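Notes to accompany the following structure.
None of the figures in this text is laboratory data; all of them are computed from the coordinates on show. Note that the structure is predicted; figures quoted are calculated from it, not measured. Cβ: placed from backbone, ideal geometry, glycine included. Neighbour counts: every protein chain shown.
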Amino acid sequence: MSALSPPSSLKDRLKNAGSLFRQLPGTFRLFWESSPRGAVVLGLLTLTAAVLPASIAWVGKLIVDGVVAGQGGGEAARHRVLELVALELGLMLVSVTVERGLALTRELLRVGLGNLLNERILQKALTLELRHFEDSDTYDKMQNARREASTRPLSLVMEAFSIIRNLVTLSTYAVMLVTLSPWSVAVLVLASIPAFIAEARMAEEGFRLHSWRAPERRKLAYLEWILTRDNHVKEVKLFGLGPMVLDRYQSLHWKFFSEEKGLSIRRMAWGLGLGALALGAFYGCYAFIAGRATLGLISVGDMVLYLSLFRGGQTAFQGILTSLGSMYEGALYMSTLFAYLDIPTGAETPRVVPALSPRKGLGNTLELRNVSFRYPGKEAWALRGVSLRLEPGEKLALVGENGAGKTTLVKLLLRMYEPTEGDIFYGGVNVKDMEPEDLRSRFGAVFQDFVRYQFNVAENIGLGHVQSIENRERIRQAAEHGGAHGVIEELPQKYDTMLGGWFDKGFELSGGQWQKLAVARAFMREAEVLILDEPTASIDAEAEHALFERFQALAANRITLVISHRFSTVRMADRIAVLHNGRVDELGNHSELMALDGRYAHLFNLQARGYQTN
Ligand SMILES: Nc1ncnc2c1ncn2[C@@H]1O[C@H](COP(=O)(O)OP(=O)(O)OP(=O)(O)O)[C@@H](O)[C@H]1O
């Protein structure tokens, strides 16, 4: 059973609880790693804080007994009582200092542990593959893990420490209480047990509410995003989407609230009922002890001691139970965190050791042999039996209607996904036997949905080869190759101009200008294979022509794969592959395909007619 499915029976619930508390060792390991010294300090302070209440209660009893015995007894008795009061003051000062120390240590540890975990979460994100990001279940796991990483783990550890503290306090109390009244210890324990069960149950419900909601929470964040992001505002205003999106946002919000309200009310009702039970038990024992003191069977100091021990004991016991409930909640969180950190990765690890690596430089072939691919969890084939061989220096254009599988083919080439059937070879080596970093370092790509980094111009280009991000000469050259240099020279701080609207003084570029930077970024590396997935979509016809002429020259000996819907661009390729429903339907150069008079010729003529009528 997964930690997120509702337990149906008591047995399930216990099994679930057991598996959840198994998260403790892992959590403590992380805690220790984040700060061994802090952990030791916290342990020492906790133990000191644990033994202080019993000592203070004992001194309190001695004071009362001293006062009762010393009434009318002169200076000596008064002195002894004053000394005891001073002792109690001293103990109280120690107690206050220890509490402050605990709060400070907790605060410092919170930052350390929170950072460590956020780092682990992000490090894990780096090892995840594209398929993980495109899968909503994994995405939810990641969001769940990120949401409370800086608070939950520490509170789990703190609750565990608080249990230890209360247990130590309780055992010191128990030793004293048993001598006064053994059965009251039993009453104390029994009266608190129902509270624990209720607390654990509510904690579990609360967590499940949060987990179940992960997809809806994302929906809420998404609606918020639509209304607040700069690139949405035009459509939001034009289509008058504001009220509709806000309405959806609010109804989701109120749905959350009403669920939470129900839980809070139930929590309050149980707390009230069980609190009354505990109070009844306390006053029952109080009556018994007060009666015994009145009859002179115990001293007044004993009665005072008993009362403070009983009250303190009850608080400590309930503290333990509440901590167990909160720990349960924390452990549930940790189980999702560990589930996220344990997502199996490494599908990209080469099959052979050491990994194979084709000769560096130009001259390698790129070949797909009978490649078929289905997205995880999908029935339909995105690619079916694709075989293509690209010779060194060859320019291949991929065309096909929307959804034909063009971008999917690029994802497979870059090993973002594994073919479901068939194999891909680069330089004669099966890409499954290569290190993915080695394979990817040989590719330069401009994606359809390229990124607009909110960095400066030089960095936007330099990111194409991070090792050279400081190399202005190389960046300038890449900008020239990508056709971006002219645009950059017009900017206020040229290559140092901050871009985008997220940060102060960011300069916003046009879609085509951003795209030129993305092309320049691809030219930062000495790529052996260039992939251009609709690189010209927002570039005007003239700029497109210029770009492709440059490509012809620059990419002379490189394999180039161009995906485009513009046939004026496509016809410049050495060969054209027409994809249809995931299959290569036609393959050949422009004149061959025109002569074939098939799908390509039809699409070409359609577009040519469009241009003529314009
Ligand atoms: N992440 C994904 N998960 C599941 N199915 C997907 C995913 N991405 C694409 N598909 C499906 O795979 C098929 C091929 O999509 P692909 O993006 O490769 O098409 P394309 O030829 O690049 O289209 P376009 O010209 O619109 O960019 C489509 O049917 C699409 O619905």
Given the -39500 (n - 2.57) contribution per DSSP H run of 4+ residues, what per-residue ellipticity at 222 nm results for the chain, rounded to the nearest 500 deg cm²/dmol? -21500 deg cm²/dmol
For the chain, which longest stretch is free of loop sites, where a loop site is one of the GluC sites (Glu not before Pro) that DSSP puts outside H, G, I, E and B and that has at most 14 other Cβ atoms within 10 Å? 135-378
Counted charge near Gln493, where neighbours are those whose Cβ lies closer than 14 Å (Asp, Glu -1; Lys, Arg +1): -2
Residues whose modelled amide H sits under 5 Å from the amide H of Ile531, counting only those 5 or more places away in sequence or on another chain, are Gly444, Ala445, Val446, Leu561
Rounded to 5, percent antiparallel among DSSP beta bridges of the chain: 50 percent
Report, in degrees rounded to the nearest 10, the 0 to 90 angle that the Cα long axis of helix 152-180 makes with the longest principal axis of the chain. 10 degrees
If I take R0 = 22 Å and measure r between the Cβ atoms of Asn589 and Arg369 in this structure, what FRET efficiency does the formula 1/(1 + (r/R0)^6) give, to the nearest 0.05? 0.50
Dipole of region 228-321, positive direction: furthest Cα of Tyr306, Asn231, Tyr283, with charges on the beta-carbon: Asn231
The answer for chymotrypsin sites (Phe, Trp or Tyr not before Pro) in region 430-473 that fall in a DSSP coil and have at most 15 neighbouring Cβ atoms within 10 Å is none
In degrees rounded to 10, the 0-90 angle between helix 242-294 Cα long axis and the longest Cα principal axis of the chain is 20 degrees
Hey, could you pull the Cα Rg and Dmax for region 10-342, both in Å? 26.2, 92
The chain, relative contact order [Cα under 8 Å, separation at least 6], %: 14 percent
Using alpha carbons only, how many angstrom separate the centre of region 252-307 from the centre of region 475-539? 69 Å
I'd like to know which of Met142, Leu252, Ala331 lies farthest towards the positive end of the charge dipole of region 10-342, counting +1 on Cβ of Lys and Arg and -1 on Cβ of Asp and Glu. Leu252
So what's region 32-160 giving for Cα Rg divided by 2.2 N^0.38 Å, two decimals? 1.79
Among residues other than Gly506 whose Cβ falls under 13 Å from its Cβ, what is the net charge (Lys/Arg +1, Asp/Glu -1)? -3
If exposed trypsin sites (Lys or Arg not before Pro) are those in a DSSP loop with at most 15 other Cβ within 10 Å, what is the longest stretch of the chain that has none? 23-228
Per residue Cα convex hull volume in Å³ - calculated over region 366-611: 136 Å³
Size of the dipole of region 10-342 about the Cα centre, Lys and Arg at +1 and Asp and Glu at -1 on the beta carbon, nothing else charged, in debye to 20? 380 debye
Based on the Kirkwood radius over alpha-carbon pairs, what value in µm²/s does the Stokes-Einstein equation return for the translational diffusion coefficient of the chain at 37 °C and 0.692 mPa s? 107 µm²/s
Per-residue HN-Hα couplings for region 418-425 [Karplus 6.51, -1.76, 1.60; θ = phi - 60°; Hz; x = Gly/Pro]: 8, x, 6, 9, x, 9, 10, 10
How far is it, in nm, from the label point at Arg359 to the one at Ser251 when both lie 7 Å from their Cα along the line to the Cβ? 6.5 nm
Are there chymotrypsin sites (Phe, Trp or Tyr not before Pro) in region 123-179 that DSSP marks as loop and that have at most 16 other Cβ atoms within 10 Å, and which are they? none
Could you state the angle between the C-alpha long axis of helix 472-482 and the longest principal axis of the C-alpha atoms of the chain, as a value from 0 to 90 degrees rounded to the nearest 10? 50 degrees
Amide H to amide H under 5 Å from Leu579: which residues, 5+ apart in sequence or cross-chain, H placed 1.01 Å off N in plane? Val399, Gly400, Asp585
Evaluate the charge dipole of the chain about its Cα centre and quote only its size in Debye, nearest 20, assuming +1 on the Cβ of each Lys and Arg and -1 on the Cβ of each Asp and Glu. 1260 debye
Of all DSSP beta bridges having both residues in region 366-611, the percent classed as antiparallel (nearest 5) is 50 percent
Linear extension gain, Glu216 paired with Asn430, 0.36 nm per residue minus alpha-carbon span: 72.8 nm
Explain nothing, just the number: relative contact order of region 81-168, from Cα pairs under 8 Å at least 6 residues apart, as a whole percent. 37 percent
Its Cα gyration tensor gives region 106-261 an equivalent ellipsoid whose semi-axes in whole Å, largest first, are 46, 22, 13
Within the under-15-Å Cβ sphere about Phe373, not counting Phe373, Lys/Arg +1 and Asp/Glu -1 give a net charge of +4
The long-range amide H neighbours of Arg374, using H built 1.01 Å from N in the peptide plane and a cut-off of under 5 Å, are Ala382, Thr420
Please give the Cα centre distance for region 394-467 versus region 344-383, rounded to the nearest Å. 11 Å
Tell me, what ³J(HN,Hα) does each residue in region 59-65 have, in order and in whole Hz, if you take phi through Karplus 6.51 cos²θ - 1.76 cosθ + 1.60 with θ = phi - 60° and put x for Gly and Pro? 4, x, 5, 4, 5, 4, 4
Only Lys, Arg (+1) and Asp, Glu (-1) charged, at Cβ; region 366-611 dipole about Cα centre in debye: 280 debye
Length gain on complete extension for the stretch Ile193 to His565, per 0.36 nm per residue less the alpha carbon to alpha carbon distance? 126.9 nm
Figure the gain on full extension for Tyr286 and Arg80 (residue separation times 0.36 nm, minus the Cα-Cα span) and round it to one decimal in nm. 71.3 nm
From the Cα gyration tensor of region 110-161, with a ≥ b ≥ c the square roots of its eigenvalues, which class applies: rounded if a/c is under 1.5, or else prolate if a/b is larger than b/c, or else oblate? prolate
